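Asker: The structure's right below; bear with me while I get my questions together.
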Amino acid sequence: MSWFKNLFRSSNGRRSAETPVEQTPAPEAAEVAAPAPVVEAAPAERAAGLPRIAIVTGSTRPGRVNGSVAEWVLAQTEGRTDAEFELVDIADFNLPLLDEPAPAMYQSYQNEHTEAWSGKIAGFDGFIFVASEYNHTVGPALTNALSFLNVEFNNKAAGIVSYGSMGGVRSAEHLRNVLAELQIAVVRNQVMFSLFTDFENFADFKPTEQNAGTLTPMVDQLVPWAKGFTTIRTELLAVSA
Ligand SMILES: Cc1cc2nc3c(=O)[nH]c(=O)nc-3n(C[C@H](O)[C@H](O)[C@H](O)COP(=O)(O)O)c2cc1C
């Protein structure tokens, strides 16, 4: 195990929550020496069972449309027997603007809201991110929520459901870059809803049949990827032991 991994690791193997902030290496060191983190999330024993997929909301704006899109996604997955799906609303975690002193990859969390968010995300094998588009990029609430964690997302799979005036495509493309840094593999198939044609009055979600029909192919691709990554995490655990 490298000095880098030891730096923030406690005797039980988990990065210590008590790690003094002054031990945090300079950001440039973290950038250069970014370790392959030990994967602690999604235990190997789940490899025998169904993959667990979180449908993660991407906006906390009062009056958001995001919640109705996320609930629709969840409803569409009902009846599937190849995975378990759960709606995870970032609004429930009351995350402030990122307030953790240490980079997320050390998991030396100082705040209860981060521990709660970490505990929730760690249990999933894959994600469907419901992404709004603000200023041609990912909405700030989702970017912020993603920044709180790192290891909990590593070596997992995701799909994107985006919406906006142009289907949220710019948000989705930017989100792919962010997720790549979190070591999340994003499936090709993508779902894009237009504020003009899939929402009445830009507010009430009423997806067209054509766009609604793109969800199932995305999930069909995501589930095997999410399942496959349980094997990858198990092998990485063995390498890092
Ligand atoms: C500050 C701001 C910037 C926005 N920028 C874009 C944009 O660049 N592209 C776009 O398609 N929609 C844009 N919109 C419209 C949002 O996509 C739309 O309001 C959507 O409902 C936001 O998602 P939410 O209701 O779930 O928060 C913007 C809205 C706001 C408030």
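The numbers here are math on the coordinates, done by the rules we state, and not lab data. Bear in mind the structure is a predicted one, so any value in this text is a computation, not a measurement. With ideal geometry, Cβ positions are generated from the backbone for all residues, glycine too; neighbour counts draw on all protein chains shown.
Asker: At what distance in angstrom do the alpha carbon centres of the range 128-169 and the range 51-66 lie from each other?
Answerer: That distance is 9 Å.
Asker: What net charge is computed for the residues neighbouring S59, neighbours being all others with C-beta under 14 Å from the C-beta of S59, Lys and Arg scored +1, Asp and Glu -1? It would help to have the intermediate numbers written out before the result.
Answerer: On the way: positive: R61, R64; negative: E71, D89, D92, E133.
Computed value for this residue: -2.
Asker: Still on this structure, I have one more. What does the charge count near A70 come to, summing +1 for each Lys or Arg and -1 for each Asp or Glu among other residues with Cβ under 13 Å from its Cβ? Don't skip to the end; give the middle numbers.
Answerer: Values: positive: R64; negative: E71, E86, D89, D92.
Net charge around A70: -3.
Asker: Right, another one. How large is log10 I(q)/I(0) at q = 0.21, 0.22 Å⁻¹ when the Debye formula is applied to the Cα atoms of the range 104-214, each weighted equally and without solvent?
Answerer: The Cα Debye sum returns log10 ratios of -1.09, -1.15.
Asker: Right, another one. What residues of the range 104-144 lie in the reach of a label at T208, counting those whose backbone N is under 19 Å from a point 7 Å from the Cα along Cα→Cβ?
Answerer: 133
Asker: Karplus couplings for the range 197-210 from phi (6.51 cos²θ - 1.76 cosθ + 1.60, θ = phi - 60°), rounded to Hz, Gly and Pro as x?
Answerer: Karplus-based 3J(HN,Hα) across the range 197-210 equals 10, 9, 10, 7, 6, 6, 9, 8, 6, 9, x, 5, 4, 4 Hz.
Asker: Only sites in a loop by DSSP and with at most 14 other Cβ atoms within 10 Å count here; which chymotrypsin sites (Phe, Trp or Tyr not before Pro) in the range 116-218 make the cut?
Answerer: Taking the range 116-218 and a limit of 14 other Cβ atoms within 10 Å, the loop chymotrypsin sites (Phe, Trp or Tyr not before Pro) found are F196, F202.
Asker: What ³J(HN,Hα) values, in whole Hz, does the Karplus curve 6.51 cos²θ - 1.76 cosθ + 1.60 give for the range 127-132 when θ = phi - 60°, with x put for Gly and Pro?
Answerer: With the stated coefficients, the range 127-132 comes to 9, 10, 8, 9, 10, 7 Hz.
Asker: Calculate the dipole size of the range 49-240 relative to its Cα centre from +1 charges on Lys and Arg beta carbons and -1 charges on Asp and Glu beta carbons; express the result in debye to the nearest 20. Kindly include the intermediate steps, with their values, before the conclusion.
Answerer: Values: 12 positive and 22 negative charges, 78 e Å.
Approximately 380 debye in magnitude.
Asker: Nearest 5 percent is fine: what portion of the DSSP beta bridges confined to the range 49-240 is antiparallel?
Answerer: Numbers: 4 of 26 bridges.
Of all bridge pairs located within the range 49-240, approximately 15 percent are antiparallel.
Asker: In terms of modelled amide H atoms, which long-range or inter-chain residues lie less than 5 Å from the amide H of R80?
Answerer: none
Asker: Now for a different question. Given N residues in the range 49-240, what is Rg(Cα) / (2.2 N^0.38 Å)?
Answerer: Working: Rg = 16.0 Å, N = 192, 2.2 N^0.38 = 16.2 Å.
Working it through for the range 49-240, the quotient is 0.99.
Asker: Here's another thing I want to ask about it. D220 label point, 7 Å along Cα→Cβ, cut-off 13 Å on backbone N: hits in the range 175-214?
Answerer: The answer is 189-190, 213-214.
Asker: Continuing with this model, one more query. Residue by residue through the range 164-179, which ³J(HN,Hα) values in whole Hz follow from phi under the Karplus form 6.51 cos²θ - 1.76 cosθ + 1.60 (θ = phi - 60°), with glycine and proline marked x?
Answerer: Whole-Hz 3J(HN,Hα) from phi for the range 164-179: x, 5, 10, x, x, 5, 5, 4, 5, 5, 5, 4, 4, 5, 4, 5.
Asker: Provide the descending list of Cα extents for the range 195-237 along its principal axes, expressed in whole angstroms.
Answerer: 50, 17, 10 Å, listed from the longest principal axis down.
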